[in-house]
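What follows is one structure encoded as structure tokens, with my remarks underneath.
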Amino acid sequence: MNKALISVLGNDQPGIMAAVATVITEHGGNIENLSQTLLQSVFGALLMVSMPEDAQCEELHKALQQVGQKMRLSIHVDPWDEQPTPWQENPPEVQPYILTVIGPDRRGLVAEVSTQLARHGVNITNIQAIFKGGKNPMDNLMVFEVDVPRSTIMQDLRDALHEVGQRLDIEIDTQHRKIFESVSNISN
């Protein structure tokens with residue numbers, strides 16, 4: 001089975017996923033995995049699609065380009081021949097954590113936090129960030145969903161993130177996902 005990775009970007013409007021999914025179906029494709037989000041008014045999606053053996057990505061790409069022109073979207077199709085990374089081939093046993101970052105928006109903030117996570121072998125599985133600017137700390141929030149290897153010494157990771165927080169005048173909190181969800185459920 002052929003696979004294709006499709007990216008879709010553009011101004012949000014009703015019908016984007018309907019149009020894209022219809023073209024994929026018409027070309028014999030099946031959406032295996034999909035992640036879609038809105039960043040302010042910008043629509044973004046990544047789709048992993050399986051295609052019949054005799055299907056060509058170029059044909060699908062041309063058909064999706066027509067949708068893109070009509071809806072003023074940037075759509076890109078790449079054949080996907082997954083080459084696992086060493087980390088994927090031999091993944092460590094991990095625990096799910098939620099990392100929240102609150103404080104004034106700063107240039108390099110995402111780079112600083114993500115670099116520290118990488119140094120400790122932590123894999124980021126999802127990030128959501130809202131930056132409204134200004135001095136109100138609650139107007140600037142990032143939530144990282146991460147997989148932390150069980151071999152990671154959590155106090156060392158927390159200390160490293162605390163140092164980043166001190167330097168950038170932000171608050172960084174790390175909680176196991178189960179604790180985070182329990183606290184969220186109580187406060188709702």
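Within region 33-67, the set of residues being under 28 Å from PHE131 (Cβ atoms) and touching a helix residue (DSSP H, G or I) at 6+ places or on another chain (Cβ under 9 Å) comprises LEU34, GLN36, PHE43, ALA45, LEU47. If we scan region 61-84, do we find a residue that is in contact (Cβ under 8 Å) with a residue 12 or more places away in the chain, surrounded by fewer than 12 Cβ atoms within 10 Å (Cβ to Cβ), over 24 Å from the mean Cα position of the chain (by Cα) and assigned to a loop (DSSP other than H, G, I, E, B)? Scanning region 61-84 turns up no residue that is in contact (Cβ under 8 Å) with a residue 12 or more places away in the chain, surrounded by fewer than 12 Cβ atoms within 10 Å (Cβ to Cβ), over 24 Å from the mean Cα position of the chain (by Cα) and assigned to a loop (DSSP other than H, G, I, E, B).
Restricting the search to strands (runs of 3 or more DSSP E) fully inside region 86-161 and requiring at least 3 residues that are more than 20 Å from ILE179 (Cα to Cα) gives 123-131.
Just wondering, is there one or more residues in region 33-45 that are crowded, with 17+ Cβ neighbours inside 10 Å and among the aromatic types (Phe, Trp, Tyr)? The answer is yes; a qualifying residue exists.
Tally the residues that are assigned to a helix (DSSP H, G or I), touching a residue at least 24 places away in the same chain (Cβ under 8 Å) and surrounded by 12 or more Cβ atoms within 10 Å (Cβ to Cβ), restricting the search to region 1-32. Residues that pass the stated criteria total 6. Only one of the listed residues (LEU161, LEU141, LEU168) is in contact with a helix residue (DSSP H, G or I) (Cβ under 7 Å, 6 or more places away or on another chain) and at pLDDT below 95. That residue is LEU168.
The values are calculated or read from the model by the stated rules, or taken from the named source; none is laboratory data. Nothing here was measured: the structure is a model prediction, and the numbers come from that model. Note that each Cβ is placed from the backbone with ideal geometry, even for glycine, and that neighbours are counted across all protein chains shown.
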